[in-house]
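The values are calculated or read from the model by the stated rules, or taken from the named source; none is laboratory data. Predicted, not measured: the structure shown is a model, and the values here were computed from it. Every residue, glycine among them, receives a Cβ derived from its backbone with ideal geometry; neighbour counts consider all protein chains shown.
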Amino acid sequence: MAGQGADYFQRFMTRDGLLILPGAIIGRADLTGPIVELASCDEYQLHEPAVIRLNDHAGIVVSRVVLRRGEHLHEYFVSTTYVFDDGGWCIAAQQRTPA
């Protein structure tokens, strides 16, 4: 995901997927212009991941994430819901809560 920003989410989100970020709820089609900065990062570190399996076609990954944008570090608790769609795993929703 690092360095890919909105391109990553547009490629791997379901058509009706949402990013729930501090201060914004963004749909896949809305990942354009200035809003892209909220979804993008230069470096992405995943810590302490836990997987919650909902069924054979859905699950949630919960983790602590450290993002770097330029010289600024941001730490979040992230919950990402994945669904198996069109032959691959896609993001249905991702919520970031400041740690």
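Here are the numbers for this structure:
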{"quantity": "Selected residue (criterion: farthest from residue 99 (Cα to Cα)) from residues of the stretch 25-52 that are under 14 Å from the mean Cα position of the chain (by Cα), of a type in the set (A, V, I, L, M) and at pLDDT 85 or above", "calculated": "26"}
{"quantity": "Members of the stretch 8-23 found to be outside any strand (DSSP E or B) and touching a strand residue (DSSP E or B) at 6+ places or on another chain (Cβ under 8 Å), listed by number", "calculated": "9, 12, 22"}
